[in-house]
Amino acid sequence: MRAEWTRYSVPGWGVGELWTRDDFVLVHEFRFGSGSEADVRGNDESELVDRLAAFLAGDDVSLAEVPLDLEWTTPFQRAIADALRLLPRGEVVSYGELAALAGYPGAARAVGSFCATNRFMFLIPCHRVVGASGIGGYGSSGVGVKRRLLALEGVRL
């Protein structure tokens, strides 16, 4: 079966792209501040797109139960993804704390590498992972976007 591609935009935020197959998300990418501010939908019936837009509107929307294709992950990556998906909205952990929660104490740098290559933006909420001495990075999106996402959840750093 072929993957389905859905492109959508959220005014004031940017453009997202979802690749799905059989109810599983294969990849979710989001480019902040890019593309048209018009509402673009590749699949008007997508409940997930509506939930992602609600998340970015600041609604208390759970994305933890969205089925993801994680078959490609190593046991370490899977443990990090699973632990991070259990982290409630409005809470943050350090890279080291997340490593310990996932059963890999001392693997803070590896957690950072995982978050830097996260292919499930918002669905694996790496914006909730902060440095031990500050907010930490957020890849090419930047710290400003990370602060904005955390502010949606009531977190001020």
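The values are calculated or read from the model by the stated rules, or taken from the named source; none is laboratory data. On a predicted model such as this, the values are computed, not experimentally measured, just so you know. With ideal geometry, Cβ positions are generated from the backbone for all residues, glycine too; neighbour counts draw on all protein chains shown. Keep in mind that these areas ignore ligands, DNA and RNA; they rest on the heavy atoms of the full protein, side chains included. Shrake-Rupley method; radii C 1.70, N 1.55, O 1.52, S 1.80 Å.
Calculate, in nm to one decimal, what Ser62 and Ala3 gain on full extension: separation in residues at 0.36 nm each, minus their alpha carbon distance.
That pair, Ser62 and Ala3, stretches by 18.9 nm at full extension.
Considering only C-alpha atoms, what is the centroid distance from the stretch 118-142 to the stretch 5-34, in Å?
One Cα centre to the other: 17 Å.
Taking the stretch 44-147, which GluC sites (Glu not before Pro) meet the DSSP loop condition and have no more than 10 other C-beta atoms within 10 Å?
Glu45, Glu65, Glu71
Sum up the charges of everything whose Cβ sits under 9 Å from the Cβ of Glu153, counting Lys and Arg as +1 and Asp and Glu as -1, but leave Glu153 out.
Within the 9 Å Cβ shell, the charges total 0.
Distances longer than 16 Å among the Cα atoms of the stretch 109-157: what percent of all pairs is that?
Tail of the P(r) past 16 Å holds 31 percent of the pairs.
Before I look further, what does the chain give for accessible area per residue, probe 1.4 Å, in whole square angstrom?
51 Å²
Can you give the translational diffusion coefficient of the chain in µm²/s, computed by Stokes-Einstein from the Kirkwood radius over Cα pairs at 10 °C and 1.306 mPa s?
Roughly 99 µm²/s, to the nearest whole number.
Cα-based Rg of the stretch 69-153 per 2.2 N^0.38 Å, rounded to two decimals?
0.99
On alpha carbon coordinates alone, what is the Rg over Rh value for the stretch 40-101, Rh being the Kirkwood radius?
1.04
Can you give the relative contact order of the chain as a percent, counting alpha carbon pairs under 8 Å and 6+ residues apart?
19 percent.
Tell me, what is the percent relative contact order of the stretch 98-157, built from C-alpha pairs under 8 Å that lie six or more residues apart?
This gives 20 percent for the stretch 98-157.
Would you mind working out the magnitude of the charge dipole of the chain relative to its Cα centre, with +1 at each Lys and Arg C-beta and -1 at each Asp and Glu C-beta, to the nearest 20 Debye?
760 debye
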